[in-house]
Structure formats: structure tokens, C-alpha cells
Amino acid sequence: MIHLYTGEGKGKTTAAIGLCVRAVGRGYSVCFSQFMKGNDTGELHVLESLSNVEILRSRKNYGFYASMSEADKEELTEVHNSILDSLLEKVGSGACRMVIMDELTYPVKWGLLDMEKLETLLEMGKEGSTGNVEIVITGRDAKDFLKNAADYITQMECVRHPYEKGIAAREGIEF
């Protein structure tokens, strides 16, 4: 089935990682992919230590979309499509029982990936498909086609956040 964690609130990636840990605890192999992220985040250090988790992401931090050059956008699109290719191969071969696509909603919104590849992957996560894979998607502003594909949708709502008081993201809490 397909899970979608979306909304303005904190906790989308954290919820996906919770599912990852639960799945690994039951012997699943998990492909944890990140889109738009290349910076070091604390969860990566733990996920790298789990034998059933493979991490697929950019090794380069491109920064925020608004500050990217056209060359950066093209390069990042290639990285995203390479991640999708790897996920399709792993799911198709049965090597991956859960796929997490963290921050996927952003490259969908900005056209930084091949939509046909993504749609093929989502078909593999639909109930009754031959893919036998659980798909988890995170990110704000999920497009309607992602919402329509999802079996589970969790909308994270921000009620209060220290950023509103000018407190910057803190290591070990936000990253």
C-alpha cells in the first residue's frame, strides 16, 4: 500500500523513519531514498548501521530550490531519476519490501524527476499489485495524484514551532 505524510507540520520524515524501523524489525528490506536533500542529517547515521536498509540520495547538497542554477536543477533531476531507476530495479527484483521516498513532493512540484518512472513505481505499491512493496512518501504540498494514489494519508499540522520565535533548526532535533 501507499502511505503519504504531508502538511505544514514537523514530523513527516520522522514518521517515515518510524515505519522503516518497524519494518526492519520484522525482517523487511527497506530502500530509504531522499529527494532534494544532500546535507548530513542525524537519522542517516542510524539508518546506515541497519543491515536491511539501503540509502539512496544525492551526495551533493544543492541548497534551496530558489537559489539553484539551471545547471543545478538539471543535475539534480538526473540524480532523482537515477534514484527512481534504482528503486524500480530493486522493487522489480523483489530486493526491497518497503520504499521510502522522503521529500518526494518537492521534485514533483518543480518538475525535477521523470513522472512516468514515478507513476510506474506507484503502481507497484497499489494493493494487489505484483510488486508486494509498501511505499512511503513525505513532503509538503502533495499533488492530488499522490493523494489519490495513497491508501494512508496523514496530514501534519503545525500548531506552534520555535522557528516562529526566530530559533534556528537544531542539530539532533530538526536535522
With respect to residue 121, determine if the residue is touching a strand residue (DSSP E or B) at 6+ places or on another chain (Cβ under 9 Å) and over 23 Å from residue 149 (Cα atoms).
no
For the structure I just gave you, tell me whether residue 108 is open to solvent by less than 20 Å² (accessible area, probe 1.4 Å), more than 29 Å from residue 27 (Cβ to Cβ) and at pLDDT 95 or above.
yes
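Could we say that residue 17 is touching a Gly at 6+ places or on another chain (Cβ under 7 Å), modelled with pLDDT of 95 or more and among the hydrophobic types (A, V, I, L, M, F, W, C) here?
It is false that residue 17 is touching a Gly at 6+ places or on another chain (Cβ under 7 Å), modelled with pLDDT of 95 or more and among the hydrophobic types (A, V, I, L, M, F, W, C).
The values are calculated or read from the model by the stated rules, or taken from the named source; none is laboratory data. Just so it is clear, the model here is predicted, and its values are computed rather than measured. All Cβ positions, even for glycine, are placed from backbone atoms using ideal geometry, and neighbour counts span all protein chains on display. Remember, those area values only see protein heavy atoms, side chains included, never the ligands or the DNA or RNA. Shrake-Rupley method; radii C 1.70, N 1.55, O 1.52, S 1.80 Å.
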